[in-house]
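Data first, discussion second: the structure below is written as structure tokens.
Here, each number is a calculation from the coordinates, and none is a lab measurement. Computed from a predicted structure; not experimentally measured. For neighbour counting, all protein chains shown are included, and Cβ atoms are generated from backbone atoms with ideal geometry for every residue, glycine included.
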């Protein structure tokens, strides 16, 4: 199956615009055609039904009028007088000419005048009355009559004419003493198709002595069927008998159809079942037609005395009824075609005016999408590199933080040792004071302490040198602490300076420890010397005065050492505090770097998403370009 699928944007716009402009016309045309067709069908069916009913009623009235004529003739004085004549039953009627002359033998002037007046005054109904016959009820012979044929009428009750319609009429009227109607049949007496309407002629005693028989040709019935308003071309109304043979001439058919053409189809069968209806159904040719059907109801009318019934059918060809609607459809198709051509031209130029700028925009979009994609790719690469550098910096800060923690712990240890040295110095000073007080008591025995005090003095000078070294180290530690703070603020690639500062702090701590150890050793020597002095005092009290002086000097020296140690301890405390602040700063920097790392990771993820979106935009631009170009 081949399908039309336009690829380019121009073609699609043309198709869309054509559909938008033509589709309403097509829909309106289809709806108008269907609505008009339905309305016309309904109106035609209603009109067919109405006309069918009017014709049915007119047929019934026509037979009622014929019945009245027959009754009138049967009760006319001249007719009754004709049957009172003694020879009436024995004298056959003479021939009558086509002008309606009557029997001449023994026919009263009154009867002749009556029949003559009948042919003159009842001409509207008499146009389809071929024969007016007066028949003897006893012998079945013709008493008088008017006929349109130049022929001799034999007895109607004798074989082989007993199955003739006229014979059936006479027998029925004589039997029922009432008017009667007999269906169309081929009459052997008239050699034509006739129906008969008859009425009895009664004598004064109420006995049937004769029958007035009217021979009815189909002419008037054909006129009733043909006389109608024009519903549609080739519309026809016709009568069908119970044997499904036609009882009226089919309009438009040049051949005789009465009692010859059979109409056996759905509508006639339904009407014979005393059903009425309208609809679109097959006719006798099997073609769809608008049909109205009903039974005439002759056998339902007690006045007529008919033992038969007819079906009346109205038939209108669908094609003729819908001719105007078909013309409307052709006009709609023509107008729709013209509109389609106009819409096609307008749509083409409109779509062209739309698609060309759109194509330019698509090209710009595709170029911009390509540039955005390239830029985003570069940004993604830079973000990945930045993230790697941030990860390295974070790792370096972590190492620096750990080194700072180690330095801080070692500085705390040095400060603790300094506090212990300070306590020892205070204890030494206290001991010196005690020695001085003791030396006052044993001045006489302190002469030998002189040498020991001199030695103690020398050791004190060594302690002063060591304390000076400790002070210098403290100063250097202070400077290093300042440098460490500066390095902490810089971070980044300058993190290496933290390692140098940490090493210097470590070296300073070691030197401070060694100096403290030396101080402890010297103090131990001092104690030993003092012990020697004490021992010497026991040997010679003469050196007590000199020992006292030396002890005082030693006390001053110890005080100086204590002061220096205290200052060194304070410096170490400051260093520890600085190291702790440095650790806090490093922790903050590390936390900030973690935040930067997370932000960079999110930035990388966002860049990747942006790169994906840019690629999608690029692909969309390409697809749009393909759509516009029809690739």
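For the peptides 285-294, 165-174, 203-212, the ranking by packing is 165-174, 285-294, 203-212, with the highest mean count of neighbouring Cβ atoms within 10 Å listed first. If you plug the beta carbon distance of residue 490 and residue 613 into 1/(1 + (r/R0)^6) with R0 = 35 Å, you get a FRET efficiency near 0.35. With R₀ fixed at 56 Å, the C-beta to C-beta distance from residue 338 to residue 185 puts the FRET efficiency at about 0.35. Simple spin-label estimate for residue 223 and residue 346 gives 6.1 nm between the two label positions (7 Å along the Cα-to-Cβ direction from each Cα). Between residue 596 and residue 563, the FRET efficiency from the beta-carbon distance, with R0 = 35 Å, is close to 0.15.
Averaged over residues, the count of other Cβ atoms within 10 Å places the peptides 592-599, 179-186, 194-201 in the sequence 194-201, 179-186, 592-599, highest first.
Using only the C-alpha atoms, the convex hull of region 222-321 corresponds to 103 Å³ per residue. For the pair residue 299 and residue 433 in one chain, pulling the backbone fully straight at 0.36 nm per residue adds 31.3 nm over the alpha carbon distance. Taking packing as the residue-averaged number of other Cβ atoms within 10 angstrom, the listed peptides 134-141, 63-70 run from highest to lowest as 134-141, 63-70.
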